[in-house]
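Notes to accompany the following structure.
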Amino acid sequence: MMLLPFQSILHFDSFNPSRSDPVPEFPYSFRCRRTRSPALTKAAFKRNVDNKNDKEKKPNICTADELHYVHVDKSEWKVALWRYLPSPQAPTRNHPLMLLSGVGTNAIAYDLSPESSFARFMCSQGYDTWILELRGAGLSTQGMDFGQYKDPLDSISQRKDFFGKDTDYKSFLETEKRYAFASQITDLIEKLVNIIKEVERSSPVRAFDMQNSISTALKDMQKQLDLIAKYDWDFDNYLEEDVPAAMEYIKDKSEPKDGKLLAIGHSMGGILLYAMLSRCGYEGKDPGLSAVTTLASSLDYMSSRSSLKLLLPLADPAQVLNVPVIPIGTLLAAAHPFAANPPYLLSWLSPQISAPDMLQPKLFEKLVTENFETVPAKLLLQLATAFEEGGLRDRSGTFFYKNHLSKSNVPVLAIAGDQDLICPPDAVYVCNDINRAETVKLIREPLVTYKVFGEPGGPHFAHYDIVGAQRAVDLVYPCIIEFLNHHDAA
């Protein structure tokens, strides 16, 4: 683990050990949680959630203790909240804990396995822990319309292929013309078919497998066409509608005495927390947060070495792909076999997610095939402003979120992974241009703590290792608990 050599930024030495509870080992019950069950049918899911209570009967696909739904004002969406009840053996805490996930992801990364579950670790320390699944992600749903319900966690590895080697892609396209968006996905489908043809030339055996995988991806897209018209939101919708609705609900259920929450955000989840602190600081409002931890997050990636500069069509994804949505989950799941197996046609994909030997192959596959979702191009367009001069902006293009971060009075722990290619440490803190200030440097020094995890000889931490790898249990999680305990007791 590396610490930034600027003592004015590091404040772990200010912690009072007498005020922070020691971090106990995982209880045995933590390591023996139930495993994930196969995806539910529409009827089974309806039976599980069709009641009048906010707390729903939990489908097997949800590994939390409870599943709650929260209506989002100004929309038809009900966002899902996975609740992990605090361990009765742990100290009583003063604040509930809210976890926010990254762009196009659901709750899976925070509860990837019983042995390394981020959410289970937090509740084992006494925190009433809630994972928010934003609109369009996981078990969040629109109007409880089960006639159009799709299981968003249904992984490709759990389904049989829908098409064979002789798939008639032209026929598929002709059939889908009855949908309003069929012409808009044509370009993307053709790109996938071209990939198949290229692989056939270099590796006919692997091409057969890849064709089946891509065919399954096309079927996924076909199933989602009815929902595409509803995928019309951006980052500000999350910030102004989804997150506040979830926070009010959590406060109502957990009843913190001071009316505040602790919050942790990974990737875009951390960006949301930064943006909330900035907006509230600008407006002179209390954000309702006692302390914040961000994991691999930044408001400004322009001068960093982030691989997203190469991986995302930052100029205009809507124009480049000619589609209103980007099926991140479908494409990653289809690509996974060719990143993890010989001849490693997409070998560059794996290190974007996890450093070598940090995640077991089965967990890596679960993460890739079950954690990612379809997102609107509009959302990616707004997030792309984080790679432009001034950093992330609101939808109007006039409010720069990082410009007002210094006005916040909320303590922040900012964590980075030493081999994170998506949000490298230089995006979180270090800046190559002395005239520019990155995210962490903008927060007032007494309030911010910055840590980079990873050692020259290993272990190394990539983008998802800090929330799901076994080594994170021993290195990252206790650091977060120390920070949370300090500010929970303050």
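The values are calculated or read from the model by the stated rules, or taken from the named source; none is laboratory data. Bear in mind that the values here come from a model prediction, so they are computed numbers and not experimental data. Quick reminder, even Gly has a Cβ in these numbers, built from the backbone with ideal geometry, and neighbours come from all protein chains shown. Heavy atoms of the whole protein, side chains included, go into the accessibility calculation; ligands, DNA and RNA do not. Shrake-Rupley method; radii C 1.70, N 1.55, O 1.52, S 1.80 Å.
Residue count for the range 52-74, restricted to those that are under 30 Å from GLN382 (Cβ atoms), open to solvent by 40 Å² or more (accessible area, probe 1.4 Å) and not in a loop (DSSP other than H, G, I, E, B): 1.
Taking the criterion of being aromatic (Phe, Trp, Tyr) and touching a Lys or Arg at 6+ places or on another chain (Cβ under 9 Å), the residues of the range 365-411 that qualify are PHE387, PHE399, PHE400, TYR401.
Listed by first and then second residue, the pairs linking a residue in the range 281-303 that is closer than 20 Å to ALA245 by Cα and open to solvent by 10 Å² or more (accessible area, probe 1.4 Å) to a residue that is of a type in the set (Asp, Glu) and in a loop (DSSP other than H, G, I, E, B), with Cβ atoms under 9 Å apart and 6 or more places separating them unless they lie on different chains, are SER290/ASP258. Out of all the residues in the range 75-92, which are within 24 Å of ILE466 (Cα to Cα) and open to solvent by less than 30 Å² (accessible area, probe 1.4 Å)? ALA80, LEU81, TRP82, TYR84, SER87, ALA90 - these are the residues of the range 75-92 that are within 24 Å of ILE466 (Cα to Cα) and open to solvent by less than 30 Å² (accessible area, probe 1.4 Å).
Residue-wise test of (1) modelled with pLDDT under 90; (2) over 15 Å from GLY269 (Cβ atoms); (3) among the hydrophobic types (A, V, I, L, M, F, W, C); (4) open to solvent by 20 Å² or more (accessible area, probe 1.4 Å).
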position	(1), (2), (3), (4)
VAL410	no, yes, yes, no
ASP418	no, yes, no, yes
LEU421	no, yes, yes, yes
ILE434	yes, yes, yes, yes
GLU445	yes, yes, no, yes
THR449	no, yes, no, no
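Scanning the range 453-471 for residues that are in contact with a Leu (Cβ under 7 Å, 6 or more places away or on another chain) and either open to solvent by 10 Å² or more (accessible area, probe 1.4 Å) or basic (Lys, Arg) (or both) yields one hit, TYR464.
Within the range 362-398, being of a type in the set (Phe, Trp, Tyr) and more than 14 Å from ASP300 (Cβ to Cβ) holds for PHE364, PHE372. Restricting the range 438-490 to residues that are acidic (Asp, Glu) and in a loop (DSSP other than H, G, I, E, B) leaves a set whose member that is nearest to LEU112 (Cα to Cα) is GLU455.
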